[in-house]
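The values are calculated or read from the model by the stated rules, or taken from the named source; none is laboratory data. Just so you know, these numbers come straight off a predicted model, no measurement behind them. Cβ coordinates were reconstructed from backbone atoms using ideal geometry, including for glycine residues, and neighbour counts include every protein chain displayed. Keep in mind that these areas ignore ligands, DNA and RNA; they rest on the heavy atoms of the full protein, side chains included. Shrake-Rupley method; radii C 1.70, N 1.55, O 1.52, S 1.80 Å.
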Amino acid sequence: MPLVSTGDIVGPAAELGTGCGAFNAILLEHISAIVDGAERAGLPVILQLSQNAVRYHGSLAPIGAAAVAAARGADVPVAVHLDHADEPELVHEAVELGFGSVMYDGSTLDYADNVAATREVAAYCHAQGVWVEAELGEVGGKDGVHAPGARTDPAQARAFVESTGVNALAVAVGSSHAMLTRDAELDFDLISALHQEVPVPLVLHGSSGVADEDLATAVARGLTKINVATQLNKVFTAGVRDQLADRPDTVDPRKYLSAGREAVAGEVARLLRLLQH
């Protein structure tokens, strides 16, 4: 199955009113587990690398090339996406490596500067055939658009999309990044209003903090691309801990990392199926 554009996954899902899973990888084990989970579910998947993950590795090229190679070798459609990038140079590098989409994060900028910077990134990416996601945020908020009390205004969101030409928009509807509990309270009425007002697919960041039933409801109300990162790290770490607790003399990292990888693959398959209903 060839590497596909994120738009090839998100577009049909938006038309059908279903959700699509976008999962963040940090390690090679995450990459192989995400692809494995998608193959088990028989569903397409978006494989994401964030700017923070790139910083962890020191550069994009090695981990980015691995993600693209894994996508090209998959039995289901896999898109490779650069997540939360605020450095245009990193966006350019991802495009050159073969990423099919990028999420440019100008949420720490004021509205006018965010529009200008996002428009420039979108123009560059579209000239290369690359799909673009953006974020409409708050000035000064530590978590930007995903601070717990942040909410996206539907009219401003529509104006932002029309001014920048982006293909999808991450919106603030009650979720927050890096939540370890799944008790975020989403504003479903706002999701419906945004879906009616904004002419592109909507993206939920911070989905790890949202319960299964609320994720399903959010998709039914109009969210399409569902980003998951912390939840995968939770199950990965739990798998590793269980393996080492059962076999404390283990020193071969393949023995315990494979337990984490298997846990992630199972969770990816489960969540992908959930988002179809």
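Give the residue that is nearest to GLY239 (Cα to Cα), with candidates limited to residues of the stretch 46-76 that are free of Cβ contacts under 8 Å to residues at least 24 places away in the same chain and assigned to a helix (DSSP H, G or I).
The residue in question is HIS57.
Among the residues of the stretch 31-45, are any open to solvent by 10 Å² or more (accessible area, probe 1.4 Å), small (Gly, Ala, Ser) and either at pLDDT below 95 or part of a helix (DSSP H, G or I) (or both)?
yes
Can ALA220 be described as at negative phi and surrounded by 15 or more Cβ atoms within 10 Å (Cβ to Cβ)? Break it down into steps so the answer makes sense when it comes.
Numbers: at negative phi: yes; surrounded by 15 or more Cβ atoms within 10 Å (Cβ to Cβ): yes.
In short, yes.
Does the stretch 101-137 hold any residues that are part of a loop (DSSP other than H, G, I, E, B) and modelled with pLDDT of 95 or more, and which are they?
First pass over the stretch 101-137, keeping only residues part of a loop (DSSP other than H, G, I, E, B): 105-110, 128-130, 136-137.
Scanning the stretch 101-137 gives GLN128, GLY129, VAL130.
Between residues in the stretch 228-239 that are aromatic (Phe, Trp, Tyr) and residues that are surrounded by 16 or more Cβ atoms within 10 Å (Cβ to Cβ) and at pLDDT 95 or above, which pairs lie under 7 Å by C-beta distance while being six or more apart or on different chains?
Cβ pairs passing all conditions: PHE236/GLY260; PHE236/ALA263; PHE236/VAL264.
Would you mention how many residues in the stretch 85-97 are under 18 Å from the mean Cα position of the chain (by Cα) and either open to solvent by 10 Å² or more (accessible area, probe 1.4 Å) or of a type outside the set (Val, Ile, Thr) (or both)?
The qualifying residues number 6.
Sort out which residues of the stretch 98-114 are of a type outside the set (Ser, Thr, Tyr) and surrounded by fewer than 17 Cβ atoms within 10 Å (Cβ to Cβ), and write them in order of number.
The answer is GLY98, ASP110, ALA112, ASP113.
Inspect the stretch 14-25 for any residue being of a type outside the set (A, V, I, L, M, F, W, C), assigned to a strand (DSSP E or B), in contact (Cβ under 8 Å) with a residue 40 or more places away in the chain and open to solvent by less than 50 Å² (accessible area, probe 1.4 Å) and give the result as yes or no.
Taking the stretch 14-25 as the starting set, the residues that turn out to be of a type outside the set (A, V, I, L, M, F, W, C) are 15, 17-19, 21, 24.
In the following step, the residues that additionally are assigned to a strand (DSSP E or B) were identified as 21, 24.
Narrowing the set further to residues that are in contact (Cβ under 8 Å) with a residue 40 or more places away in the chain leaves 21, 24.
If we keep only those that are open to solvent by less than 50 Å² (accessible area, probe 1.4 Å) too, we end up with 21, 24.
Yes, the stretch 14-25 has at least one match.
Any idea which of (1) touching a strand residue (DSSP E or B) at 6+ places or on another chain (Cβ under 9 Å); (2) loosely packed, with under 15 Cβ neighbours inside 10 Å; (3) hydrophobic (A, V, I, L, M, F, W, C) is the one ALA211 doesn't satisfy?
(1)
Of all the residues that make up the stretch 149-158, how many are outside any loop (DSSP other than H, G, I, E, B) and either among the basic types (Lys, Arg) or surrounded by fewer than 16 Cβ atoms within 10 Å (Cβ to Cβ) (or both)?
Number of matching residues: 3.
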